[in-house]
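The values are calculated or read from the model by the stated rules, or taken from the named source; none is laboratory data. Because the structure is a prediction, the values reported are computed rather than measured. Backbone-built Cβ (ideal geometry, glycine too); neighbour counts: all protein chains shown.
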Amino acid sequence: MTSDKSREIQEWALRNIDPAREPGRPGPPLDERMAELPPAWHGVGFARDHLVRITNPFQEPASTPAMPPGLAAAVPDCVVIRTLRATGPVNLWADWQQDPWQLRRSAWPESEELEFVTTTGIMRPLGAEFELNLTFQGAGRYALRVYGRQRPRTDQEGYFLHIRPITLGAAALG
């Protein structure tokens, strides 16, 4: 037997909560999600031990990649970018694409492509001044191209991230 308060809460939840909109849940088809791409973003991230970590801030990944020999490395639920700066702020830019890469590699001194998997659908640069979810389309497998080191025609260290989903939902995690 449920109390009146419990029944009231259940009725409110049925009217107002849509589980399909919770982070990490499979959502609408990929074409619909890509139609709602956010605008390109610029902010400041934080390097620690020559790494910018991109992970779910609410859940530690099972493992963390070792220091990458190149620009970036990934394991499930964690991407690391190797920085020149040992500790401190670094510029980050992010852009989302549906189609294959459109930015020329020659615009930056270094670039690296990799794939990563997020089981939660939440991936944020740790220590950054923002709450930007790089994998806003949900759990799945993503392609990432990282451009980096010194920004062209400046002496500032920065990293440009192009993200695009490959497959989303439970099939991608399989």
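If I filter region 146-161 down to residues being surrounded by fewer than 21 Cβ atoms within 10 Å (Cβ to Cβ) and touching a strand residue (DSSP E or B) at 6+ places or on another chain (Cβ under 8 Å), which single residue comes out as modelled with the lowest pLDDT? That would be 151. Counting the residues of region 50-69 that are surrounded by 13 or more Cβ atoms within 10 Å (Cβ to Cβ) and outside any strand (DSSP E or B) gives 7. Being farther than 15 Å from residue 135 by Cα and at pLDDT 75 or above is a description that does not apply to residue 115. Under the condition of being farther than 18 Å from residue 41 by Cβ and modelled with pLDDT of 90 or more, the residues counted in region 120-140 number 0.
The condition of being assigned to a helix (DSSP H, G or I), among the basic types (Lys, Arg) and either at pLDDT 75 or above or in contact with a helix residue (DSSP H, G or I) (Cβ under 6 Å, 6 or more places away or on another chain) (or both) does not hold for residue 33. If you go through region 112-143 and keep only what is outside any strand (DSSP E or B), more than 11 Å from the chain's Cα centre (by Cα) and of a type in the set (D, E, K, R), you end up with just 129.
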